[in-house]
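Peer 1: This structure is in structure tokens; I'll ask about it shortly.
The values are calculated or read from the model by the stated rules, or taken from the named source; none is laboratory data. Note that this is a predicted model, so its numbers are computed, not measured. Cβ coordinates were reconstructed from backbone atoms using ideal geometry, including for glycine residues, and neighbour counts include every protein chain displayed.
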């Protein structure tokens, strides 16, 4: 039976939740580099896409876990993430990229996109104003856009991005956004990168027009870090925990009969659910650290060989 | 059986949750003024205090509900709230007051204290620098303190407030804070005012030293607006909704036998619960509007007769 | 002799500074409504445009002076400013308008554009999502864009605005920006409105591509409030003050011989001058109050008859 | 003739401006370490103190110049500054320190104090809550206070700091503030460290009660970076530049006769001068980078041997 309402932006979580396997049209491989775990899930055909509600494409997650507690792990994590981004964007420094920071900068849990952009070495304007920097340093032409959110602009975000990409014609677009996850422990400890574009707010029921190669006409890489879990997730997980804590036969039957199910929780919570979000109490610190991690990774991936020290002195 | 773990800062919610009545040592009266509902709960003795985990004192809640959609309701609500504050603080303009804005200004849902202070007409320094303003306008001497949070100062908030009150010796202290509520619908639609002081973070398990007449030696009025509900609340309420939606006999028995209870949910969630918070998705707008409401109410309550227009032109 | 370097964005100041009269191709009229002074300068032909370095068009300044100290003056000032905006934009509620907030929101003195936008009732998205609001209230379809600054986006601001206007095709664009003035006393006490478009940063030597009917293909109204004076202005004015204070014959001769002149000061300061700005010490409060004034004026001008109270409850 | 109105917080600039020499009661020595220039000026007696308007004490400036363009220079600069701070504070990790961030965090040019604090590893609360961190890492007990400014608190900053130091009894206080300089080229490129305490706003005519060993009873180290120059400075320097550019005999005479002098400029500008400030146009970026530099220097100086990498992973 198909359950259409799981609220997560992570392809790997959907696959797990729906108990889908390679036979359903997936490639799924986990690797570990210097202690940092990565997982690549590919949705290979339209049948797999239907089963997940996500477009055909490659979805890579990297668990950066303890990178905030140890600068050496941080360094490794940024290199692993940078490699994955390079694999998706390509390595040609002559191809210029537009970075788009989605989300509401006034809302702590939604600010990862705009905050990450503030740590990126933006160079597009220097081509004319300071051309020598391109010969001195292995820089790529990067520009940045913070389109804001529908509630304050009145304009579909996808329309703003489409308009600007048509105007400045970058080789590719990278879209950075805060995501929703099924698991509290993934909040601000996992990054997902994908070549399938993004539907802003898709994980939480606010359907917006998608940003993808189809709509923009150029490759769209989406990068996101979960900052919230949704309320249905929290409630259902608590119920599962109750079940396993009490070992009650009566409870187990209710679950087996699907009287109690994730879908039922979603139905009962209804609209109120999509109006509430669940975040860690220290989300301000986590978003700030996650944005720094993402900015360093992107600088390493998009510009040529720069050390963390060089990056630090080139950002504003 | 006593359940010690309800996470709310609202005295009225604790009383309801524990099904306590007047006989248990409470005064409880609801009134309505110009469509704005108020409720005064008094915890009359130490037995009632034990049963609620809140000190003896008066707890007034005002439901300002739709005040953000209609400026006339806003005006009425600020007057009702101002009257309640006057009842607690007194009407003597010669008594100076220190306002303290608790909470983390970088975390949207915790910023009500600091943000409210930025809308208050602060006058203490004008006594020396601009004395004529006191003869022209019916102003009270007000000062303001934003002590920050333990994680960034390393100092107990109560120690900072105690130090400053001992130094400047105000007649009373008003402490403004973001609260936790049991009910999502009360978030940013209710204000609680009390003369019993406050234990910062008490509603959510972060026990801090209290700010009260006992510890500061002067009257302490606490004012708060719920901005979060906790995760146990959300999970348990969802379970209740499931019960009533499915009318399952098996489920009802589990509740009657207290296999499933609010306490069980708290136990199962454990520490992770107090590390997560639930807020409305548009909490940035709600906190901004709630802070404006509270600031206008406080200006009306603490200074002499000022119109909203006069208040607007006197704040920074 | 022509002096090309006066740093002001106010057409009336350029006209005065260059001692130009009606015969040079200007219309110039001062009026007073309810104590609020307005002045309309029209640059009538290309000769007058050359003499001022400003395009042919209408430039209206309103001195709102003490509006921050008295809410009644504030109310009058917003009405006068709203009337002037209506005269430039037109009164047809069916014509949708895009508002653009120029400037760097992280730099206090440059934040008037973005901060004003946060006080505007944005409605474009409600047409689809909440259509009944248009029948209930006399609202115009408004959208808002905060394009950021070249240094952080790498994209010419005019390119972003051109792209978005071409995409969403509003009837007109209103561009809001912080300006430079010749006179310290005009900082945050005058607003200039014009139908001639704007060259971002033109008053201070950072030539950017213009935003105008010519470049965007639709009417462009620019609205600005001076927040800075430039360093050459400050230095030269101080020199003039020295001259008149000392009544020194030697000094007077140096001025008459143009050994000491505004141009000489600009030359001596050179590039360093355009890298420094002069602002009032309390610019944070002034920008916040000016943005509120402008937002109320714009809401009154662009939407139908709304009271200040209705505006307050409709903004976020 | 004595000129009392030079507006700078830098002791070395006052000494130069007044043409004072060692014989007037000064020690003055310039050194260079790894390309970073330092200068130590000691005001040795009350006569020298009278001549400078600064208390007896040691004033060390370090020119960090190009540290923002090259992370290796940044690293060296933080080490040199850290050494100077250690010389003033002492090297005993058992002595706890309270850091105070003066200034208005809402005003870009005044935010260095509060912004620096956000980059410091604050540990005082961990003693109780996480004691093992002290045995694992060579940390000192640090706390932080952001007292705000008189205009928003109504309380003298020195009263708040005195109250808190009396309460928590640190071994020493370090006060961090934005300063005024005589020279535009020193803005955000020099840091001054002193053991003589600080009078907030002293460089610009807003006399506040001092923070010093005399008033607080414990050693007070003040650390500041110039972010503004004052308007009189700017005007007079422009005049000097005019003189040298034109080689006019008439002009030279006016200067020799002190018809034109820094004091005359101050007199002519009068109060308006102290109400205006001059800053670089990119002060937002400069303050952000300066605060990071200062935070790293302080972490290195106050905690035991920590690398920049360790510091980065320990700050919030």
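Peer 1: Condition first: part of a helix (DSSP H, G or I), more than 14 Å from the chain's Cα centre (by Cα) and under 27 Å from residue A:142 (Cβ atoms). Can you find one or more residues in the stretch A:37-52 that meet it?
Peer 2: For the stretch A:37-52, residues part of a helix (DSSP H, G or I), more than 14 Å from the chain's Cα centre (by Cα) and under 27 Å from residue A:142 (Cβ atoms): absent.
Peer 1: Against the conditions (1) facing chain C (nearest Cβ under 7 Å); (2) free of Cβ contacts under 8 Å to residues at least 40 places away in the same chain, where does residue D:231 fall short? Just the number, please.
Peer 2: (2)
Peer 1: Which one is nearest to the chain's Cα centre (by Cα), of the residues in the stretch D:237-249 that are at the interface with another protein chain (Cβ under 7 Å from one of its Cβ atoms) and buried (at least 16 other Cβ atoms within 10 Å of the Cβ)?
Peer 2: My answer is D:238.
Peer 1: Check whether at least one residue in the stretch C:297-306 is surrounded by fewer than 21 Cβ atoms within 10 Å (Cβ to Cβ) and within 14 Å of chain B (Cβ to nearest Cβ), and report yes or no.
Peer 2: Yes: the stretch C:297-306 contains one or more residues that are surrounded by fewer than 21 Cβ atoms within 10 Å (Cβ to Cβ) and within 14 Å of chain B (Cβ to nearest Cβ).
Peer 1: For the stretch B:250-265, what are the residues that are at the interface with chain A (Cβ under 10 Å from one of its Cβ atoms) and within 28 Å of residue B:188 (Cβ to Cβ)?
Peer 2: B:265
Peer 1: Which condition does residue B:84 not pass, out of (1) more than 30 Å from residue A:283 (Cα to Cα); (2) touching a helix residue (DSSP H, G or I) at 6+ places or on another chain (Cβ under 7 Å); (3) surrounded by 15 or more Cβ atoms within 10 Å (Cβ to Cβ), if it passes all the others?
Peer 2: Going through the list (1) more than 30 Å from residue A:283 (Cα to Cα); (2) touching a helix residue (DSSP H, G or I) at 6+ places or on another chain (Cβ under 7 Å); (3) surrounded by 15 or more Cβ atoms within 10 Å (Cβ to Cβ), residue B:84 breaks only (2).
Peer 1: Also, quick follow-up: For residues that are surrounded by 21 or more Cβ atoms within 10 Å (Cβ to Cβ), out of contact with any helix residue (DSSP H, G or I) (no Cβ under 6 Å at 6 or more places or on another chain) and in contact (Cβ under 8 Å) with a residue 24 or more places away in the chain, tally how many sit in the stretch C:260-287.
Peer 2: Total satisfying the criteria: 2.
Peer 1: Residue by residue through the stretch C:266-294, note down the ones that are modelled with pLDDT of 85 or more and within 9 Å of chain D (Cβ to nearest Cβ).
Peer 2: C:276, C:277, C:278, C:279, C:280, C:281, C:282, C:283, C:284, C:285, C:288
Peer 1: For the subset of the stretch B:1-36 comprising residues that are part of a strand (DSSP E or B) and touching a helix residue (DSSP H, G or I) at 6+ places or on another chain (Cβ under 7 Å), which member is farthest from residue B:259 (Cα to Cα)?
Peer 2: B:33
Peer 1: Further question on the same structure: Please go through the stretch A:164-189 and pick out each residue that is crowded, with 24+ Cβ neighbours inside 10 Å and either in a strand (DSSP E or B) or within 14 Å of chain C (Cβ to nearest Cβ) (or both).
Peer 2: Hits for the stretch A:164-189 are A:164, A:173, A:174, A:175, A:176, A:177, A:178, A:179, A:180, A:181.
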